[in-house]
């Protein structure tokens, strides 16, 4: 076991979903709370309660600004948790929510966000069955923070685990990357940059269900690449599965606006957060069927097979360029985009 | 239906658990998120998933200071959620947690609170199976906020509802009131007041289980009187059940230190938050057996029958003095003790 460096104080990067987050979780949280379910470090925890497999997921939301093109903290808080359940192979059945409100927040803003939450939940076919509200003094929160908890019933046709991933498997991505992160960045108005772009915040359940109906036995692993982006999600998979994930740079769906903003800002789109996309590892023989199923769902036309699993170099993600070159794709380090969700 | 006053802006009282909280929930949250489970407004939501009754509960914690005599935010976040499940008649099986950390928080404080959470969870026999961590800029949170989500299996011997409460039923209270609220108030060091007192933060599961084993069919309703205190919990019951709850002032367990602090500060102990006590309405014929069971659990010796249910005046809580007088006990109005949990 590696010796973890002690954490002197919390920095923004500890919340960014990249290397520092992993260090916080593996160095402080896992050793204290150690149990077999927690140690899977998946987006949702799988519980067997009296013979029935359930998935539960918890997410905090501190996005800034509270509302942005394509969504707001209320809808994001629903989609984020519903999506963690979806990529764990679970159909959401109920949500709960806790609110931390700053004294002085306008009633109008609160109503708008509760309404956004309600509309998103209805569209996902799930009820918000309970919650809790706390108020802190003005200046002790940034408007409002939301935590959402979700519970879902696991699709028994699926057995998802990094351990099931094999060389030869294909990497499926549901659509263009980086829309959410770049939208938030631009919405802050701190950059002299504008683009016609909006967050991809949406429910992934319809896509995952269609894919499962078409190719359940071929699906090895799923993840929604939020904080840390596609690069971090695939690096965690490569490490946990002991494989190499090779992606083809040309195959990755990416909007010109996101590509342009990333070039100007010196960011790698593979590190930018998404809130309405998922990655799936699918067996080679069922990859085409899975892809077709996702493409046939409204909003899924840009889905693509973006790469494959190789045996070596293990625990590595590489990107192959159209000219035959390759580069190693690392996890996110530091936090170029704080409070993205 | 009453017309609700619109909320112009959020004030501390909206988080205090009293009248303003009720107005926020009934005026803004319920209308938007409307569904039958949410509308029960109980501490935990009861779900039937494929034939099995589960209870789920969500709580936010913003207590200030983070640590205090008898506990800290980490242990409080476990006990608070475990207790919401317990008074809903459920045995906790798993917890999840989200952390909002302020940049600059010391690693030592974080480790201490994760450890407190881990120890409390172990003592409650429940695993923390997952969670999420977010970091906000320095000044955008007060050290750390925690949300905890719990899932439990409902004890099928129980049928709890305000609708089951009948005139003649007894009111059982598990121990002395106000310890938590007064401890927090004194721990802030803003008052020229000291007292040998500590928070009652603890798991209620052993007490509730013992009581159910002794008198399950007699138990009509349970609640842990946290924010808003015993007065608010009983007022909500009186309203929901359409009954009068009459309590005997002399029968209520109360430490001299809490009584003294309340007298000096002009507070009613019935409005002060508790984190390790519960109220139960028990049928008259099983009340003695229930009380004896609670008293036989370590820490339960001070439990008492503190009153009874009357038919009228409906939707009212009255307190009877030893001299034959009565006074109406109202819900908490305003927020004398912000950020108590």
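Here, each number is a calculation from the coordinates, and none is a lab measurement. Everything numeric in this text was worked out from a predicted model, so none of it was measured. Methodologically, a virtual Cβ is constructed for each residue, glycine included, from the backbone with ideal geometry; neighbour enumeration extends over all protein chains shown.
See the values below:
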read-out	value
Directionally averaged shadow of the range B:42-81, computed from the convex hull of its alpha-carbon atoms, nm²	3.5
Which of B:8, B:308 has the fewest Cβ neighbours within 10 Å, and the rest in rising order	B:8, B:308
Peptide-level mean, for B:20-30, of C-beta atoms on other protein chains within 10 Å	3
Chain lengthening between residue A:251 and residue A:106 when straightened (0.36 nm per residue, less Cα-Cα)	47.7 nm
Förster radius 22 Å - calculated FRET efficiency between residue B:264 and residue B:327 (Cβ-Cβ, nearest 0.05)	0.60
FRET efficiency for residue A:161 and residue B:312, using Cβ-Cβ distance with R0 set to 60 Å, rounded to 0.05	0.45
Diffusion coefficient, µm² s⁻¹, Stokes-Einstein with Kirkwood Rh over alpha-carbon pairs of the protein assembly as shown at 4 °C and 1.567 mPa s	50
For residues of B:62-72, the mean tally of beta carbons on other chains within 10 Å	1
Dimensions (Å) - the range B:97-239, Cα atoms, principal axes, largest first	55, 42, 28
Fraction of antiparallel bridges per DSSP, chain A only, in percent to nearest 5	75
Over the protein assembly as shown: helical MRE at 222 nm, DSSP H runs n ≥ 4 each giving -39500 (n - 2.57), nearest 500	-8000 deg cm²/dmol
Peptides B:244-250, B:172-178, A:309-315 ordered by average Cβ neighbours within 10 Å, highest first	B:172-178, B:244-250, A:309-315
Length gained when the stretch residue A:137-residue A:284 is fully extended (0.36 nm per residue, less Cα-Cα span)	47.4 nm
Anisotropy class of the range B:179-249 from Cα gyration tensor, a/c 1.5 cut	oblate
Across the identical copies, how the residue B:324 labels are spaced - nm, sorted shortest first, 7 Å along Cα→Cβ	10.7
Residue A:123 versus residue B:30: modelled label distance in nm, points set 7 Å from Cα along the beta carbon direction	2.8
Beta bridge orientation in the protein assembly as shown: antiparallel %, DSSP, nearest 5	75
Protection proxy ranking, peptides B:60-67, A:184-191, average beta carbon neighbours within 10 Å, highest first	B:60-67, A:184-191
Cα centroid separation - the range A:204-256 against the range A:152-185, whole Å	3
Modelled FRET efficiency - R0 51 Å, residue A:8 with residue A:192, Cβ distances, 0.05 increments	0.90
Rounded, prolate or oblate (a/c below 1.5 giving rounded, otherwise prolate when a/b exceeds b/c) for the range A:1-116 by Cα gyration tensor	oblate
Percent of beta bridges antiparallel (DSSP, the range A:56-172, rounded to nearest 5)	70
Distance between modelled label sites at residue B:50 and residue B:301, nm, 7 Å Cα→Cβ extension	4.8
Three-way shape call for chain B based on the alpha-carbon gyration tensor, with the a/c threshold at 1.5	rounded
